[in-house]
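To start, the structure itself, in structure tokens.
The values are calculated or read from the model by the stated rules, or taken from the named source; none is laboratory data. Quick caveat: nothing in here was measured; it's all calculated off a predicted structure. All Cβ positions, even for glycine, are placed from backbone atoms using ideal geometry, and neighbour counts span all protein chains on display.
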Amino acid sequence: MPFAFRLDPVLGHRKRLEDAQQVVFAAALATLQAAEALRDDYIARRAAMRERLHEHHGEMDVIELRAAYAHCDFLDRSIVAQDVVIVQARVKVDRERLILVGKTQDKKVLEVLKERRRETYEAEASAAEQQESDEINARRYDRAITTWENPS
């Protein structure tokens, strides 16, 4: 009789829950990475604007200088606002990671239980097979002894 784990439906359900949570975690992580990429873009644009201001300050007229400084100020505010978004995204990623770890542990408990029950089943099956083999050998031995003692 093959090994059958009675809790296989529960294990399958927990695997599906873990897979669904992995999707949620991946989405939260993608959101975090997108927010960080946007912040990095703002930082790069601000650095480029400051470099342009530094190198070409004397060549710019007043309107262009005001616009450049206003744009740098806008980028500074955007970076600060994006940092808040990143912190919120990190909190969500951490929360989803904890949920994922919990679901993974729930599934792992059942996998370990299944493996231990399989080992127990295989040990019992091996012991039963060995006992059956021993009984067959004992019968053969008894027949051989009986035949040898009674050569009629």
- Which numbered condition SER78 fails, given (1) modelled with pLDDT of 95 or more; (2) among the small types (Gly, Ala, Ser); (3) under 26 Å from ASP8 (Cα atoms): (3)
- Within the stretch 57-66, how many residues are part of a helix (DSSP H, G or I) and surrounded by 12 or more Cβ atoms within 10 Å (Cβ to Cβ)? 2
- Item | Search result, residues across the stretch 76-106 that are surrounded by fewer than 14 Cβ atoms within 10 Å (Cβ to Cβ) and among the small types (Gly, Ala, Ser) | ALA81, GLY102
- Item | Among residues of the stretch 10-56, those that are of a type in the set (D, E, K, R), surrounded by fewer than 15 Cβ atoms within 10 Å (Cβ to Cβ) and more than 30 Å from LYS108 (Cβ to Cβ), counted | 6
- Item | Tally of residues being polar (S, T, N, Q) and free of Cβ contacts under 8 Å to residues at least 12 places away in the same chain across the stretch 11-47 | 1
- Task: Identify all residues within the stretch 91-144 that are under 18 Å from the mean Cα position of the chain (by Cα) and of a type in the set (Lys, Arg); write none if there are none.
- Result: LYS92, ARG95, ARG97, LYS103, LYS107, LYS108
- Message: Where the second residue is in a helix (DSSP H, G or I) and surrounded by 14 or more Cβ atoms within 10 Å (Cβ to Cβ) and the first is acidic (Asp, Glu) and lies in the stretch 64-84, which pairs have Cβ atoms under 9 Å and are six or more apart or on separate chains?
- Response: ASP76/TYR42; ASP76/ARG46; ASP83/ARG39
- For ASP8, all conditions in the list (1) free of Cβ contacts under 8 Å to residues at least 60 places away in the same chain; (2) out of contact with any helix residue (DSSP H, G or I) (no Cβ under 7 Å at 6 or more places or on another chain); (3) not small (Gly, Ala, Ser) hold save one; what is the number of the exception? (1)
